[in-house]
1. Using only atoms on other chains, find how many Cβ atoms lie within 10 Å of each Cβ of peptide B:34-41 and report the average.
2. Under the definition of partner shielding as Cβ atoms of other protein chains within 10 Å of a residue Cβ, what is the mean value for peptide B:60-66?
3. Exactly which GluC sites (Glu not before Pro) in the range B:274-332 are in a DSSP loop and have at most 12 other Cβ atoms within 10 Å?
4. Rounded to the nearest 0.05, what FRET efficiency do B:D317 and B:K249 have when you use their Cβ-Cβ distance and R0 = 45 Å?
5. On average, how many beta carbons from a partner chain sit within 10 Å of the beta carbon of a residue in B:143-152?
6. For helix B:87-102, what angle does its Cα long axis make with the longest principal axis of chain B, in degrees from 0 to 90 and rounded to 10?
7. Cβ under 13 Å from B:E342's Cβ, B:E342 left aside: what net charge do those residues give with Lys, Arg +1 and Asp, Glu -1?
8. Gaussian network model of chain B, Cα springs within a sub-10 Å range: biggest mean-square fluctuation belongs to which of B:S299, B:S19, B:S312?
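Since every read-out is calculated from the coordinates, none of them should be taken as a lab result. None of the values given here were measured: they were computed from a predicted structure. So basically every Cβ, Gly included, is an ideal-geometry build from the backbone, and we count neighbours across all protein chains shown.
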Amino acid sequence: MAQHQVNYTKDGGLPVMLTTVDHLINWGRSNSMWFLTYGLACCAIEMMASGASRYDFDRFGTIFRASPRQADVMVVAGTLTKKHAEFIRRLYDQMTEPKWVISMGSCANTGGMFNTYATVQGVDRVIPVDIYLPGCAPRPETLQYAAMLLQQKIRRERAFKKLPKKRLV
Amino acid sequence: MQQVNRLSPFFENLVFERSDNHMIVNFGPQHPSAHGQLRLILELAGEMVVKAHPDIGYLHRGMEKMGENMIYNEFLPTTDRMDYIAASANNYAFALAVERLLGIEDKVPRRAKIIRMMLLELNRIISHLFWLATHALDVGAMSVFLYCFREREFAMDLMEDYCGARLTHSAVRIGGVPLDLPEGWLESLSKFLDHMPEGIADYEGLLDQNRIWKMRLEDVGNLTPEMAKSWGVSGPTLRGSGIKYDIRKEEPYELYDEVEFDIPFCDARDSYGRYKLYMQEMRESLKILAQLIPMYKESEHGLMAHAPKYLSATKEDMMTQNYSLMQHFVLVTQGMRPPVGEVYAPTESPKGELGFFIRSEGEPYAYRLKIRAPSFFHTGLLTDLLPGHYLADVVTIIGNLNIVFGEIDR
């Protein structure tokens with residue numbers, strides 16, 4: 001016979017937590033964002049630095065994946081040129097829903113300093129962007145902050161809603 | 001024919017369906033071990049590469065054209081984005097070319113030269129560490145990547161203390177350097193110099209006798225001296241083929257003739273030999289940095305060359321003398337007008353010979369600005385180097401050649 005009796009009204013109460021399925025799913029999604037390694041130019045080096053020893057991105061549950069089919073978040077790190085534009089769209093389409101895009105650095109945001117014939121003036125002309133990071137190149141801390149903002153954004157979303165088509169600027 | 005309004009690559013000459021047993025594999029342009037946006041079209045017989053065709057231009061940003069539409073000082077931050085792993089080396093190469101054009105190379109103060117050399121060698125270490133990190137990551141050694149970035153961050157801290165930026169420094173100006181070393185920087189540098197050999201010993205302990213590392217690198221990417229010469233290879237890749245050629249020794253710039261250092265080279269010709277070479281080069285850079293610290297302490301103040309026709313006066317002069325302020329205004333709004341002529345200044349960047357060719361017509365803009373980037377020639381080399389290797393070795397060879405796409409496509 002069990003001698004031990006639990007008083008569910010004392011000491012923190014029931015060993016049960018009530019939540020919604022939305023919360024649970026979003027908790028899982030926001031804490032295991034897998035990044036697609038989309039290093040295009042200089043910002044890729046800072047992206048790698050944020051994954052390396054000092055900045056240790058794995059704390060956020062982010063793992064860099066090489067395949068778009070295993071990734072949730074695309075970090076466009078660097079200059080997108082017109083020659084490459086087709087491939088970024090193709091890779092974005094290959095990613096499974098739900099998917100998010102972080103545009104890292106001035107070049108990806110607006111074309112930055114490269115206002116030339118060869119550069120796409122902002123990656124949002126090709127794929128929809130969730131978060132824009134300023135800087136040339138943004139520091140790893142900036143990318144970490146963006147990851148945290150994206151986590152907040154994911155937690156606010158409804159998990160089972162049919163996702164509306166993201167608008168292209 | 002390519003449709004004009006659609007962004008589609010040219011596939012006309014490429015036949016993917018073949019009647020023989022050969023297979024065409026498309027590698028890139030977004031491949032995690034392509035070190036940027038390299039697209040390789042490989043023809044395979046089984047697992048052996050028969051033909052390799054590197055396709056570049058996916059990061060072409062039109063830098064040379066930008067150089068023709070910007071005044072010289074404006075273009076300097078753009079050079080940061082070329083070889084973004086060692087930005088100061090590019091800044092310096094451009095500044096040197098413009099200084100030669102203006103004829104003020106000898107007027108650069110000694111202290112500025114010492115600071116420039118410190119930045120250059122620090123950048124060489126940063127670049128080599130990054131090379132080792134990514135190369136090891138490609139070959140499969142994840143922990144080496146983490147170890148290398150540990151020391152690299154310390155070197156980046158030094159750069160950040162000096163100029164405020166981690167990656168895109170713009171720390172060298174035409175005619176000198178903008179800032180003196182901040183307080184306590186030399187102490188941090190000597191601390192870094194003390195710790196760095198332990199780091200190098202760590203990497204060598206992890207890799208030198210590592211069975212997998214040796215299997216993947218030895219006898220892979222054999223580059224004969226003849227092939228290296230005919231492809232215009234330079235830098236550590238050339239020295240790995242037994243040719244002792246370093247521009248720091250051949251055509252010394254700055255104060256490289258005053259410091260003592262060796263040019264490491266080896267006859268191994270394969271990837272493993274080049275790996276040993278990079279390790280040795282880092283040690284030589286540390287040796288140069290150690291010699292520069294006492295030289296800096298003996299040097300006199302003065303950071304920018306005195307050439308009122310081309311360069312702004314010091315801040316104090318600008319604030320006190322009307323003429324200096326006017327000069328500064330003209331130089332900023334219109335830009336300097338170098339004499340008519342052309343110049344090519346080669347420098348030894350961490351990857352090889354980096355040089356800027358400038359043709360000036362006496363205007364504030366260059367008439368033509370051509371960049372000779374080492375990685376461009378190393379990419380061409382892939383055509384000859386890859387055939388005869390297995391598909392798995394392709395990644396090793398790309399990583400080993402130390403190519404950076406900002407520099408290739410410009």
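1. That works out to 3 on average.
2. Mean number of neighbouring Cβ atoms from other chains: 6.
3. B:E300
4. So the FRET efficiency works out to roughly 0.75.
5. Across the residues of B:143-152, the mean count of other-chain Cβ atoms within 10 Å is 3.
6. Tilt of helix B:87-102: around 50 degrees.
7. Charge balance near B:E342 sits at +3.
8. So, out of B:S299, B:S19, B:S312, the one fluctuating most is B:S19.
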